[in-house]
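The values are calculated or read from the model by the stated rules, or taken from the named source; none is laboratory data. Predicted, not measured: the structure shown is a model, and the values here were computed from it. Here Cβ is always computed from backbone atoms with ideal geometry, including for glycine, and neighbour counts include all displayed protein chains. Heads up: the accessible areas ignore ligands, DNA and RNA and are worked out on the full protein's heavy atoms, side chains in. Shrake-Rupley method; radii C 1.70, N 1.55, O 1.52, S 1.80 Å.
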Amino acid sequence: MRVIDADGRPTVEDLRDNIRSQLATTAVTGFGFMVVEGRLDKEFIGYCGLIARDATPDEPELAYELLRAAHGRGYATEAARAVRDAAAASRRSRLWAGVRVWNTASLRVLDKLGFVTSGQVSEDLERGDMVLMTCRLARLNQPALPRSHQR
């Protein structure tokens, strides 16, 4: 609801078109969004997954959105960590994530997952500037060193 403008856009048909487009992209790239469900009631509380929007299939963008009632309960971190780890297991070297500078909760989630700022910021006077975060996955793909070899 927060993205519906004064003219009633996006409409239900606009949203259906968006879903169709995402499904077509998923068929090409092999990845997309997954439903995030509540732990106890298994109700839909959001989505999380990978998209190729401004990124590439080899270095996709992590995206998630949860219903406000699910905020602050660890769902975003848990879901995003699972997606990040799956991307690392698929031998991808890096992920991207765009987040509004005012979205401190998402910035904390991304920080927990090893994302750092790329230094790229897209100005947006209407919705708030967007900072592009990045996470190198190569370190997740490396086997852990035995304790005797760690410093």
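On the stretch 6-151, 53 percent of the accessible area sits on carbon and sulfur atoms, based on a 1.4 Å probe. A helix-only calculation puts the chain at -9500 deg cm²/dmol for mean residue ellipticity at 222 nm, using -39500 (n - 2.57) for each DSSP H run of at least four residues, averaged over all residues.
The residues of the chain expose on average 70 square angstrom of accessible surface per residue, using a 1.4 Å probe on protein heavy atoms. Available extension along the chain between LEU15 and SER118 is 34.0 nm, counting 0.36 nm per residue and deducting the alpha carbon span.
Determine the order of TYR47, TYR75 by accessible area, beginning with the largest, at a probe radius of 1.4 Å. Intermediate results must be reported in sequence, preceding the final value.
On the way: TYR47 70, TYR75 30 Å².
These residues rank, largest area first, as TYR47, TYR75.
Charging the Cβ of each Asp and Glu at -1 and of each Lys and Arg at +1, and nothing else, the dipole of the stretch 74-124 about its Cα centre rounds to 240 debye.
Beta bridges from DSSP with both residues in the chain: antiparallel share about 95 percent, rounded to the nearest 5.
Using only Cα coordinates, the Kirkwood hydrodynamic radius of the chain works out to 17.0 Å.
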